[in-house]
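K.L.:
Have a look at the structure that comes next, please.
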Amino acid sequence: MHLGANLIHWLGVGIIALVALQALAMFVSTAPRISSQTRQQRLAEEILEEQLRTARARRVIREESSHSWNGWRKFRVLRKVQESADVVSIYLTPHDNIRLPSFEPGQFLTFQLRIPGVPQPVVRCYSLSDAPAEDCYRISVKRVPAAKPDLKPGVVSNYFHDVLKEGDIIDVKAPGGAFFLDLASRTPIVLIAGGIGITPVLSMVNSLARLGTISRETWFFLGARNGEENFAREHLRALAAKHENLKVHFCYSAPAAHEKQGVDYDEACRVSADLFKKLLPSNNYEYYLCGPPAFMESLTRGLREWGVPDGSVHFEAFGPASVPAKPAPAATAPGASPSAGSITTRRVNFARSGKELAWSGDAGNLLELAEKNGVMLPSGCRSGNCGTCLTAVKSGKVEYNKPPACQPEAGSCLTCIGVPAGELVLDA
Ligand SMILES: Cc1cc2nc3c(=O)[nH]c(=O)nc-3n(C[C@H](O)[C@H](O)[C@H](O)COP(=O)(O)OP(=O)(O)OC[C@H]3O[C@@H](n4cnc5c(N)ncnc54)[C@H](O)[C@@H]3O)c2cc1C
Ligand code: FES
């Protein structure tokens, strides 16, 4: 009897222990599942919400872009804001008061100006430096000094700084260019600016912020000599404080004596791939860069050496292309297709000027070849963006050292980025 009661007691204890163990096991196994399910669900909801927001933003951009225009349109200078000693922002609104089309962040406007003392109208491109707004476009222009004592300072930048005033009317082409950020993508990005090359990437980061929260990982690196060249410093610091996914890093090559590391700037160095290796968890980003030629060359080379695929590096040049998309072609014989390593000459006939010239790989593009030999062709941006150098091809073919942002119509070419693919006759 005593033995039987003991047996029943221990059997009961065993059953209770087993049930408790099972309950504990169930709790242990389901608790993280429930919380990870909740987390996954929350993430999925956030992604959906973000996708809807960006889809809405893209729809607005598409709808508003449909109000675009061809050729030149009159714009009125709404206001000018001196951002720093060298940079002025210009706000422009359409003179006809008809709705303003939107643009993709990173794109530029093309301007045609009649400047007193300059015989021909002058054409230049300027990136839009803010997110799309309903009533105006903003550009930010750096004053360009004379390259040498015997040359004149930059024609258009100085005109914008010193002569253009609020209320003036100027001719503007619709936003264009293939260097822009896809706002619908969630891929982590690195935005990189050198000096005034900040303008298109500023438009990108402002456009992301305008969507609400910056939900994709975003790095913003700015290379400048010092704070004098960093007109958006306070604005970018404020954005980074508001958006935890945005990291802003200022690199000054020559900080002023009063500027403090950790406050005014982050590092006394140049922006480089070595810096990215130090700060980024991997190289797995899309990179958007804009800056002076040496800056772009060293960064694209550094990124390539770090194993970043060329397709993940997007760039804008503010002048003649400094980073060739593919090696400049070299001809083996007139009319033959280019083959690397061999350079021979090709004949280029400027039919209207009556000049036949020999082009070889080191002669540069067709525009440079013409100018060096006294054939004056129209030009503007000199980087395949504005279409001013469009010239009819009478016979032969032209190839490009970078894809033209402004597609030449059939039977024509852009001389500023074009080289002859064989014997060539131009209507110029
Ligand atoms: C897509 C794109 C976007 C751009 N975005 C911006 C932007 O957002 N902000 C910005 O500030 N700029 C931007 N630029 C650059 C801008 O378009 C102009 O190139 C820049 O303002 C200089 O123009 P300028 O008329 O003032 O100078 P230019 O008159 O073109 O002179 C430029 C320099 O060349 C020198 N020079 C003149 N003649 C000669 C000669 N014969 N030989 C050698 N040198 C000579 C001048 O002294 C001067 O130093 C952009 C360019 C492109 C293509
Ligand atoms: S000069 Fe602008 S496209 Fe050639």
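K.L.:
For region 383-406, give me the residue count where each residue is within 16 Å of TRP359 (Cα to Cα) and charged (D, E, K, R).
P.N.:
Number of matching residues: 2.
K.L.:
Looking at region 372-395, which of the residues that are within 20 Å of GLY154 (Cα to Cα) and more than 13 Å from ligand 1 (Cβ to nearest atom) is nearest to the chain's Cα centre (by Cα)?
P.N.:
Ranking the qualifying residues of region 372-395, first place goes to PRO378.
K.L.:
Something else about it: State whether the residues of region 408-415 include one that is in contact (Cβ under 8 Å) with a residue 60 or more places away in the chain and among the aliphatic types (A, V, I, L, M).
P.N.:
no
K.L.:
Would you confirm whether or not region 171-194 contains a residue that is in a helix (DSSP H, G or I), touching a Ser or Thr at 6+ places or on another chain (Cβ under 8 Å) and not aromatic (Phe, Trp, Tyr)? Let's see the steps before the verdict.
P.N.:
Applying the first criterion (in a helix (DSSP H, G or I)) to region 171-194 yields none.
No, because not a single residue in region 171-194 is in a helix (DSSP H, G or I), touching a Ser or Thr at 6+ places or on another chain (Cβ under 8 Å) and not aromatic (Phe, Trp, Tyr).
K.L.:
Follow-up question, since we're still on this one. As an exercise: evaluate SER207 against (1) in a helix (DSSP H, G or I); (2) without any contact (Cβ under 8 Å) to a residue 12 or more places away in the chain; (3) of a type in the set (S, T, N, Q) and give the number of the one condition it does not meet.
P.N.:
So the condition that SER207 fails would be (2).
K.L.:
Check whether at least one residue in region 256-266 is within 18 Å of the chain's Cα centre (by Cα) and open to solvent by 50 Å² or more (accessible area, probe 1.4 Å), and report yes or no.
P.N.:
No: zero hits.
K.L.:
Can I ask one more? For region 257-285, enumerate the residues that are touching a residue at least 60 places away in the same chain (Cβ under 8 Å), among the aromatic types (Phe, Trp, Tyr) and not in a helix (DSSP H, G or I).
P.N.:
Hit for region 257-285 is TYR285, nothing else.
K.L.:
Return only the number of the condition from (1) more than 16 Å from GLN112 (Cα to Cα); (2) touching a strand residue (DSSP E or B) at 6+ places or on another chain (Cβ under 9 Å) that CYS389 does not satisfy.
P.N.:
Only one criterion in (1) more than 16 Å from GLN112 (Cα to Cα); (2) touching a strand residue (DSSP E or B) at 6+ places or on another chain (Cβ under 9 Å) is unmet by CYS389, namely (1).
K.L.:
Something else about it: Residues of region 168-180 being over 16 Å from VAL88 (Cα atoms) and open to solvent by less than 40 Å² (accessible area, probe 1.4 Å), which ones?
P.N.:
Answer for region 168-180, where residues must be over 16 Å from VAL88 (Cα atoms) and open to solvent by less than 40 Å² (accessible area, probe 1.4 Å): ILE170, ASP171, VAL172, ALA174, PRO175, GLY176, GLY177, PHE179.
K.L.:
Find all pairs meeting these conditions: Cβ atoms under 7 angstrom apart; at least six residues apart or on different chains; first residue within region 359-371 and within 16 Å of ligand 1 (Cβ to nearest atom); second residue not in a loop (DSSP other than H, G, I, E, B) and not basic (Lys, Arg).
P.N.:
ASN365/GLY418; ASN365/VAL419; LEU369/VAL348; LEU369/LEU357; LEU369/TRP359; LEU369/ALA363; ALA370/PHE350
K.L.:
What is the number of the single condition among (1) within 14 Å of ligand 1 (Cβ to nearest atom); (2) at positive phi that VAL156 does not meet?
P.N.:
(2)
K.L.:
Name the residues in region 134-146 that are modelled with pLDDT of 95 or more and either of a type outside the set (S, T, N, Q) or assigned by TED's automatic domain parsing to the domain that holds PRO200 (or both), would you?
P.N.:
CYS136, TYR137, ARG138, ILE139, VAL141, LYS142, ARG143, VAL144, PRO145, ALA146
K.L.:
Return the residues of region 284-319 that are modelled with pLDDT under 90 and surrounded by fewer than 18 Cβ atoms within 10 Å (Cβ to Cβ); say none if nothing qualifies.
P.N.:
Passing the criteria: only GLY319.
The values are calculated or read from the model by the stated rules, or taken from the named source; none is laboratory data. Here the structure is a predicted model, which is why all the values come from computation and not from measurement. Cβ coordinates were reconstructed from backbone atoms using ideal geometry, including for glycine residues, and neighbour counts include every protein chain displayed. Each accessible area value is taken on the protein alone, full model and side chains, heavy atoms only, with ligands, DNA and RNA left out. Shrake-Rupley method; radii C 1.70, N 1.55, O 1.52, S 1.80 Å.
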